[in-house]
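Have a look at the structure below before the remarks.
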Amino acid sequence: SALESVNKRQMRAKKIEVGHCYLAVDSTNMSFYRVCVVAAMATLAEQYEVYFIDNGSYGPVESHSLMEMSPALTKIPSLALCCSLDLVMPLDKEWSEQCLEFLSRLLLGNTVTITIKEKPASQDEPVLVDMAVALPGSGPQDVLQLLVSNCFAQVATPSVLAYKPASPPSDGMVTVIHINEEGVVCCQANESAETLCSLMDLLQTVAKKGKHPPKLVPGQPCAAIFSVDNLWYRARVISMTTTTAYVNFVDYGNNEDVLLQNIYTIKSQDGDIIDKPIHCLNVQLQGLESCDWSEELLAYMDSLILDRSCQLHVKVGKYSGYYHICS
């Protein structure tokens, strides 16, 4: 009702900035939608990728369709609740297109009941839920079990321990340590160098005393030997086979397959290891969020900023729950 009362002569936005909220007008029916600008479109001038605040979707909007939003509309909470199924993980490392199509057919247009299992630490992260869907001709059915029975997912064992996320440094000074194939820049705060060195020394002592191979589940904190220097590093399990685990080295941003015998399970009594926040901050460069990262472009980025000290200016925090948008 608040959007219906918006004046159709609403003032057009004079300056459009990433991370700011506006009203987007649909010219076909003059309806207004609250949006947050995510990025300028790399291939189309005067178009922006926006997040629709009240329905949780993303899409392109032309600049002339963006209007200034009143403070009163800004204060209204989002009507979209972003959810993530609890204790579910894909059979492969990523969700397949077939699985996403299955979920769309299953959920869109049907009555869905959710039970909140865990509220997120920040508003940028999804709410963990159990979900049941009422299908025509049958009672409510558990969505997780439907995914498992149709061979799209498996049930994950909950991991009690978790690393604390990285935060941008107070002075903005970082060193670029890795750039992945999606153009995500992995940085370490210059001010945390001593803390990381102390953590590494402790890790070499503790991990060598562990029992190998351990029992692992996806998402579990662990220590793993990096093949290049044979040192122990903090890691997080992504997936496993009978002999190896595919892990993310949380303080450096890179991934690798590691033999199970070269992995140590971090325990609750390893407080000095698990309690220290992650040292790797994942960032995406402002204006390049929709960029097609070719091998040539990645090589140029490596030559430009890899292993160099840089100044970060955070524009949007925890975009998509994964990285910060920075200049």
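The mean accessible area for residues of the chain, using a 1.4 Å probe and ignoring ligands and nucleic acids, is 57 Å² per residue.
Starting from the Cα gyration tensor of region 204-277, take the square roots of the eigenvalues, sort them a ≥ b ≥ c, and report rounded, prolate or oblate (rounded when a/c is under 1.5, otherwise prolate if a/b is larger than b/c, else oblate).
Here region 204-277 falls in the rounded category.
Placing unit charges on the Cβ atoms only, positive for Lys and Arg and negative for Asp and Glu, gives region 27-118 a dipole magnitude near 300 debye about its Cα centre.
Share of region 75-208's accessible area from carbon and sulfur, percent, 1.4 Å? Taking all protein chains in place, region 75-208 shows 55 percent carbon and sulfur surface. For the chain, the equivalent ellipsoid derived from the Cα gyration tensor has semi-axes of 38, 28, 17 Å, listed largest first.
Taken about its Cα centre, the chain carries a charge dipole of roughly 900 debye when the Cβ of each Lys and Arg holds +1 and the Cβ of each Asp and Glu holds -1.
Packing, taken as the mean count of other beta carbons within 10 Å per residue, orders the peptides 225-231, 243-249 from highest to lowest as 243-249, 225-231.
Helical runs (DSSP H, four residues minimum) scored at -39500 (n - 2.57) apiece and divided by the length of the chain put the mean residue ellipticity at 222 nm at -4500 deg cm²/dmol.
Computing Rg and the Kirkwood Rh from the Cα coordinates of region 50-140 gives a ratio, Rg/Rh, of 1.03. Long hydrophobic helices in the chain: the complete DSSP H runs spanning 18 Å or more by Cα along their own axis with mean Kyte-Doolittle hydropathy of at least 0.0 are 193-207.
Arg236 exposes around 80 Å² of accessible area when a 1.4 Å probe is run over every protein chain in place.
The values are calculated or read from the model by the stated rules, or taken from the named source; none is laboratory data. Note that the structure is a prediction, hence the values are computed from the model and not measured. Cβ atoms come from the backbone with ideal geometry, glycine included; neighbour counts cover every protein chain shown. Surface accessibility is based on the protein's heavy atoms, side chains included, excluding ligands, DNA and RNA. Shrake-Rupley method; radii C 1.70, N 1.55, O 1.52, S 1.80 Å.
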